[in-house]
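The values are calculated or read from the model by the stated rules, or taken from the named source; none is laboratory data. None of these values were measured; they are calculated from a predicted model. Here Cβ is always computed from backbone atoms with ideal geometry, including for glycine, and neighbour counts include all displayed protein chains.
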Amino acid sequence: MKVIFFNRQHELDKLIRLVFTEPNMITFIYGPINSGKTALMMELTRRLSDEYVAFYINLRRTPVMSYDDFIDVLFSVEFRSKVKTLKEAVSLILSAGKEVLGFPIPTPILEGIIREKKPKNAFAYIATLIEEVKKAGKKPILILDELQVIGDLKINGPLIYELFNFFVHLTKERHLSHVFVVTSDSLFIDKVYNEAMLQGRAEYFLVDDFDRETAVEFLKNQGFSINEAELVWEYFGGKPVYLVESIKHKDELKEWCESQLRLRVQAVNALIHGRKSLARLLKEFQDKEEIPFNGVISRPLRRLVKANILFVDPLKGVVRPQGKLELLAIRKALKLKPNVET
Ligand SMILES: Nc1ncnc2c1ncn2[C@@H]1O[C@H](COP(=O)(O)OP(=O)(O)OP(=O)(O)O)[C@@H](O)[C@H]1O
Ligand SMILES: [Mg+2]
């Protein structure tokens, strides 16, 4: 059973308004894990009028460990050898519909890009292609999902800097294309936020779990009683992925909720076992749902973020569990270990 995209009216309105204006900033779409960022960007593409072309690049599709892997995801395999010239590449895009997965490229140009190992050449080609698409009367949008996976990749220096330079070129300098960078890695967002070359060139857009009212409405639409909907909310808050999953478990809802929590408690327990500094940090959530973020990613914080237990929002200046389930799991795990020193 396929769940139809639900709500996000406010976010969609804002994004549609944004793409209506001239491209000027890189937009970082961020939020806790499984909050519905990818689903939202897909829905945005669907809702846009035909004058838009969205290039959607998902860096999670295959592991990106090298320059060649990166080139592989940029220039989609389906389009390979389908075009012989730049003009043909543009025509292919114009006939492909609103969503294009990867950039079409003539083989000789691709071979040159692979041989010379210079990301700049790839970006120069993409900029030309986008410019031509724009000249043909379309409004290009670039969406890069899970960009943090190339965070550490180095090709004559960190690739991420070359990419950011390229995005600044596409937006602020040339106003050629909107650029959306989607990520659930809050350590990456924190780095980006502090990055000198992005000051005044990037904006941030939080996609959070649904609020209570929206989550309950979603479940009621799926045939849940108010009690059932509230039970799901108690365990998972408004995290879309769990709302969708709960539909499958409607007949044994309580057991399912309990088992999901048990798994999370075990994960937190395994993580803090023998690591007092982690337990000490988590203790702050015993009576609070979020704590202030002072700009410092300490080692325990880094570890808990990497393990997807905590989420850092540098814009709101808070640290909080990735979701309601994590909050409950933290509290339960600490109860099992009442002797943790503070
Ligand atoms: N508005 C929505 N309506 C219905 N289902 C949704 C909605 N948003 C998200 N979902 C569902 O919730 C699940 C998680 O969403 P999605 O993958 O978009 O989250 P994400 O924030 O991109 O996750 P990640 O942090 O892993 O990148 C998906 O199965 C998706 O279909
Ligand atoms: Mg995603």
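Looking only at the range 227-242, which residues are in a helix (DSSP H, G or I) and under 18 Å from ARG262 (Cα atoms)? LEU231, VAL232, TRP233, GLU234, TYR235, PHE236, VAL241, TYR242 - these are the residues of the range 227-242 that are in a helix (DSSP H, G or I) and under 18 Å from ARG262 (Cα atoms). Taking the criterion of being crowded, with 18+ Cβ neighbours inside 10 Å and under 18 Å from ASP208 (Cα atoms), the residues of the range 262-307 that qualify are PHE293, VAL305. Just to be sure before I move on: is LYS2 assigned to a loop (DSSP other than H, G, I, E, B), of a type outside the set (A, V, I, L, M, F, W, C) and more than 16 Å from ligand 1 (Cβ to nearest atom) in the structure I sent? Here the answer is no, as LYS2 does not meet what is asked. When each of LEU243, LEU253, LEU261, LEU278 is tested for being of a type outside the set (Lys, Arg) and closer than 13 Å to PRO300 by Cβ, the lone residue that passes is LEU278.
Among the residues making up the range 7-37, those that are basic (Lys, Arg), surrounded by fewer than 22 Cβ atoms within 10 Å (Cβ to Cβ) and either more than 25 Å from LYS134 (Cα to Cα) or without any contact (Cβ under 8 Å) to a residue 60 or more places away in the chain (or both) are ARG8, ARG17.
Filtered by the rule that a residue be assigned to a helix (DSSP H, G or I), small (Gly, Ala, Ser) and more than 16 Å from ligand 2 (Cβ to nearest atom), the range 170-220 gives ALA196, ALA215. The set of residues in the range 290-315 being in contact with a strand residue (DSSP E or B) (Cβ under 6 Å, 6 or more places away or on another chain), more than 20 Å from ASN269 (Cβ to Cβ) and modelled with pLDDT of 95 or more consists of GLU290, ILE291, PHE293, VAL312. For the range 151-160, does any single residue satisfy the condition of being over 20 Å from the mean Cα position of the chain (by Cα) and of a type in the set (Lys, Arg)? Yes, the range 151-160 contains at least one residue that is over 20 Å from the mean Cα position of the chain (by Cα) and of a type in the set (Lys, Arg).
Residues in the range 174-189 that are among the aliphatic types (A, V, I, L, M) and within 10 Å of ligand 1 (Cβ to nearest atom): VAL182 only.
Quick one: would you say GLU146 is within 16 Å of ligand 1 (Cβ to nearest atom), among the acidic types (Asp, Glu) and at pLDDT below 95? So GLU146 fits the description; yes. Entry remark, the range 32-48: residues being assigned to a helix (DSSP H, G or I) and either within 11 Å of ligand 2 (Cβ to nearest atom) or β-branched (Val, Ile, Thr) (or both) number 7 in total.
Candidates LEU40, LEU86, LEU59: the one that is more than 13 Å from ligand 1 (Cβ to nearest atom) and either closer than 23 Å to LYS134 by Cβ or surrounded by 14 or more Cβ atoms within 10 Å (Cβ to Cβ) (or both) is LEU86. The single condition among (1) not in a loop (DSSP other than H, G, I, E, B); (2) not assigned by TED's automatic domain parsing to the domain that holds PRO32 that PHE224 does not meet is (1).
Within the range 320-332, residues that are surrounded by fewer than 24 Cβ atoms within 10 Å (Cβ to Cβ) reach partners that are basic (Lys, Arg) with beta carbons closer than 6 Å, at six or more positions or on different chains, in the pairs LEU325/ARG264. When GLU22, GLU111, GLU51 are checked against the criterion of being more than 15 Å from ligand 2 (Cβ to nearest atom), in contact with a His (Cβ under 6 Å, 6 or more places away or on another chain) and farther than 24 Å from SER186 by Cα, a single residue qualifies: GLU22.
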